[in-house]
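Undergrad: Here's a structure for you.
The values are calculated or read from the model by the stated rules, or taken from the named source; none is laboratory data. Because the structure is predicted, anything quoted here is derived from the model rather than measured. Using ideal geometry, Cβ is built from the backbone for each residue, glycine included, and neighbour counts are taken over all protein chains shown.
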Amino acid sequence: MRAPPLDDALRQKLLIVIESFRHLTGRALHDEPTPESLWTAPRVIVAHGPEDDPVFFYGNALALDVFAMDFTRFTRLPSRYSAEAPKRDERARLLERVSRDGFIDDYSGIRISATGKRFRIEQAVVWNLIDSTGVCHGQAASFEYWTPL
């Protein structure tokens, strides 16, 4: 799978993904993170904007594989659809906790791919995308562990 075009707008958003993770957790998202290197990172990385019904603006190659979508389709998906309908209330509570605390690093839950396959994610980190001026640009999540159900 080819990486999406990395225009200035996406590059800036990905820098916020990288820097806000480092700022909030005190760790690097992965070895030597750059906007370009997120695409091939050995962990799922997704991010959505601050809209009332947030839409993903990024999913790396591993995320697209796990969710069984191409980049164009994934970046048109409201992030709530990454969870099954009965799990969306749980997801909303998670995002409220992240909004309040800045990040969490202990999330586990069930997600669903575009093909309807369910999988459980473990030890996910979810964090606010805060720029250097304190403006929130949405939220991101990353996880290394998932199990098909």
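Undergrad: In segment 120-145, what count of residues is obtained for those that are buried (at least 17 other Cβ atoms within 10 Å of the Cβ) and either in contact with a helix residue (DSSP H, G or I) (Cβ under 8 Å, 6 or more places away or on another chain) or in a loop (DSSP other than H, G, I, E, B) (or both)?
TA: The qualifying residues number 10.
Undergrad: Counting only residues that are over 20 Å from N128 (Cβ atoms), give me the helices (runs of 4 or more DSSP H) lying completely in segment 55-101 with at least 3 of them. Before you say what the answer is, go through the steps one by one.
TA: Numbers: elements: 61-67, 71-74, 88-101.
Correct list: 61-67, 71-74.
Undergrad: Evaluate segment 34-43: report whether one residue or more is farther than 22 Å from I121 by Cβ, modelled with pLDDT of 95 or more, in contact with a helix residue (DSSP H, G or I) (Cβ under 8 Å, 6 or more places away or on another chain) and not acidic (D, E).
TA: Yes: one or more hits.
Undergrad: Right, something else. Among what's in segment 3-55 and is among the charged types (D, E, K, R), over 20 Å from W146 (Cβ atoms) and surrounded by 12 or more Cβ atoms within 10 Å (Cβ to Cβ), pick the residue that is nearest to the chain's Cα centre (by Cα).
TA: It comes out as K13.
Undergrad: If you go through segment 14-33, how many residues are at pLDDT below 95 and either in a strand (DSSP E or B) or on the phi > 0 side of the Ramachandran plot (or both)?
TA: 1
Undergrad: Which of (1) of a type outside the set (K, R); (2) outside any loop (DSSP other than H, G, I, E, B); (3) free of Cβ contacts under 8 Å to residues at least 40 places away in the same chain; (4) farther than 26 Å from L6 by Cβ does D52 not meet, given it meets every other one?
TA: (2)
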